[in-house]
1. Kindly check whether there is at least one residue in region 81-91 that is under 20 Å from the mean Cα position of the chain (by Cα), modelled with pLDDT of 95 or more, within 24 Å of residue 255 (Cα to Cα) and not in a loop (DSSP other than H, G, I, E, B).
2. Spot the failing condition for residue 206; the list is (1) at pLDDT 95 or above; (2) part of a loop (DSSP other than H, G, I, E, B); (3) out of contact with any helix residue (DSSP H, G or I) (no Cβ under 9 Å at 6 or more places or on another chain), and only one is missed.
3. Please go through (1) in a helix (DSSP H, G or I); (2) surrounded by fewer than 19 Cβ atoms within 10 Å (Cβ to Cβ) for residue 291 and return the number of the only condition it doesn't satisfy.
4. Does region 209-218 contain at least one residue that is modelled with pLDDT of 95 or more, outside the structural domain of residue 69 (by TED's automatic domain parsing) and in a loop (DSSP other than H, G, I, E, B)?
5. State whether one or more residues within region 98-106 are assigned by TED's automatic domain parsing to the domain that holds residue 295, under 20 Å from the mean Cα position of the chain (by Cα), modelled with pLDDT of 95 or more and outside any loop (DSSP other than H, G, I, E, B).
6. Can you tell me which residues in region 182-200 are outside any strand (DSSP E or B) and surrounded by 17 or more Cβ atoms within 10 Å (Cβ to Cβ)?
7. Of all residues in region 249-264, count the ones that are in a loop (DSSP other than H, G, I, E, B), in contact with a strand residue (DSSP E or B) (Cβ under 7 Å, 6 or more places away or on another chain) and more than 17 Å from residue 45 (Cα to Cα).
8. Quick one: count up the residues across region 1-60 that are in contact (Cβ under 8 Å) with a residue 24 or more places away in the chain, out of contact with any strand residue (DSSP E or B) (no Cβ under 8 Å at 6 or more places or on another chain) and part of a strand (DSSP E or B).
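The values are calculated or read from the model by the stated rules, or taken from the named source; none is laboratory data. Please read these numbers as outputs of a predicted model, since none were measured by experiment. All Cβ positions, even for glycine, are placed from backbone atoms using ideal geometry, and neighbour counts span all protein chains on display.
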């Protein structure tokens with residue numbers, strides 16, 4: 001029989017590491033299962049989306065900025081300082097039906113836990129183009145988060161592109177319009193899927209240009225993006241558009257597939273449903289934090305705050321049960 005853990009944390013981004021710091025300082029001796037690197041099609045690394053972020057300027061406490069990987073390394077070291085144990089595997093199955101929660105990892109190891117915090121995050125959806133992903137991971141001007149990166153000096157007063165036609169794309173374009181010389185919204189259809197209010201905000205922008213019925217077939221540039229190759233989805237005609245930055249806004253996918261048969265309540269997109277402003281799921285002793293339960297904000301600082309909540313909720317649950 002597997003040893004009984006007091007608190008197991010699944011995930012290793014800002015939410016997971018913050019939960020680990022709080023749980024460890026509460027003497028819960030947390031076990032953090034951080035996942036394994038993979039590509040599908042973009043790189044997915046332990047540490048979450050910040051591992052693909054070259055410069056973080058909007059997290060308090062770092063006035064000169066910090067790279068995403070450096071920040072996650074610091075979070076991990078702080079969690080380990082207080083006794084967090086780390087396992088570099090994936091959780092492949094969760095059985096929450098018993099008096100204790102049973103987790104199975106990718107090596108076949110079974111772990112019993114009195115409390116579980118799910119902080120597996122969400123991954124940005126990418127076009128899947130080779131140069132898009134290379135420039136995204138190397139700081140070459142391709143990003144999946146305008147709020148995270150759009151205000152960087154490298155993008156100010158430059159032509160920037162946004163790919164997408166939903167509310168997320170409209171929000172990204174609206175944010176970028178404050179800094180860009182021109183925001184080019186690239187959409188593969190002849191109309192947006194976004195709400196009417198969001199469309200009106202973009203279509204009325206003085207420095208916003210919409211490229212209807214266009215798909216991005218290549219991202220051009222060596223160390224930095226220089227242009228995108230477009231194809232007309234109606235005629236098939238190719239064209240090029242010069243850009244100094246490209247923001248992919250075609251949605252996110254929560255990392256929750258491993259919970260499919262667990263009984264955890266999720267919405268139609270796969271985001272974990274929370275019962276209120278706390279971190280409680282529909283299963284007693286199971287908590288969620290970060291982007292796997294948040295499709296609105298998706299920021300490092302909000303994820304960290306949710307990780308804090310989850311650890312405090314888990315501690316309270318363990319004390320009362």
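1. Within region 81-91, one or more residues are under 20 Å from the mean Cα position of the chain (by Cα), modelled with pLDDT of 95 or more, within 24 Å of residue 255 (Cα to Cα) and not in a loop (DSSP other than H, G, I, E, B).
2. (1)
3. That leaves (2) as the condition not met.
4. For region 209-218, residues modelled with pLDDT of 95 or more, outside the structural domain of residue 69 (by TED's automatic domain parsing) and in a loop (DSSP other than H, G, I, E, B): present.
5. no
6. Answer for region 182-200, where residues must be outside any strand (DSSP E or B) and surrounded by 17 or more Cβ atoms within 10 Å (Cβ to Cβ): 187, 188, 192, 194, 198, 199.
7. Selection size over region 249-264: 4.
8. 1
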